[in-house]
Amino acid sequence: MELSQTDALRAYARMMNTLDVKHIEPLLAEDFHYSSQWVFAEIASKQEYLDYIRPKLETIATSGARVYAEMAVHDGWGGDPCVVMAQGSPSNLVATVLATVDGGQITRFDMGMVPVSEDATRSGEYPA
């Protein structure tokens with residue numbers, strides 16, 4: 001089965017909702033890239049991303065600061081699937097995540113305030 005953008009984003013949401021990287025690790029391309037408006041430099045490999053995200057997930061788990069990753073569609077960006085991220089409560093939207101898939105692997109995640117989370121059509125699905 002070919003990996004779709006929706007599959008990739010569902011795996012990302014599952015990782016964030018369970019705080020466990022195992023949901024995306026096997027899906028990431030070796031030359032995976034991650035860009036965030038809150039990270040100074042773009043991450044340019046699977047290993048670099050795993051080294052970045054593992055401690056971040058551990059910090060979230062120990063802090064008790066609940067995150068919510070919800071499947072959505074962003075109408076303003078051609079109806080592409082996305083994940084809207086919230087912190088503290090599902091209504092406190094903080095970011096949107098987009099995915100790029102190529103050759104059956106996730107090649108890129110982009111996280112930021114643009115596209116605006118509030119403009120997405122939310123599904124109510126929080127993969128776990």
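The values are calculated or read from the model by the stated rules, or taken from the named source; none is laboratory data. Treat the numbers as computed from the prediction; the structure is a model and nothing was measured. Here Cβ is always computed from backbone atoms with ideal geometry, including for glycine, and neighbour counts include all displayed protein chains. Heads up: the accessible areas ignore ligands, DNA and RNA and are worked out on the full protein's heavy atoms, side chains in. Shrake-Rupley method; radii C 1.70, N 1.55, O 1.52, S 1.80 Å.
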Close pairs (7 angstrom Cβ cut-off, 6 or more residues apart or separate chains): closer than 16 Å to residue 95 by Cβ in segment 24-42, at pLDDT below 95 and open to solvent by 60 Å² or more (accessible area, probe 1.4 Å) anywhere: 37/113
Please specify each residue of segment 20-47 satisfying the condition of being surrounded by 14 or more Cβ atoms within 10 Å (Cβ to Cβ) and touching a strand residue (DSSP E or B) at 6+ places or on another chain (Cβ under 8 Å). 24, 27, 28, 29, 32, 33, 34, 35, 36, 43, 45, 46
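Does residue 80 satisfy the condition of being within 15 Å of residue 8 (Cα to Cα), modelled with pLDDT under 95 and in contact with a strand residue (DSSP E or B) (Cβ under 6 Å, 6 or more places away or on another chain)?
Considered against the rule, which asks whether it is within 15 Å of residue 8 (Cα to Cα), modelled with pLDDT under 95 and in contact with a strand residue (DSSP E or B) (Cβ under 6 Å, 6 or more places away or on another chain), residue 80 comes out as yes.
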Positions within segment 72-128 being among the basic types (Lys, Arg) and surrounded by fewer than 17 Cβ atoms within 10 Å (Cβ to Cβ), in sequence order: 122
Can you spot a residue in segment 25-41 that is closer than 17 Å to residue 127 by Cα, under 12 Å from the mean Cα position of the chain (by Cα) and assigned to a strand (DSSP E or B)? no
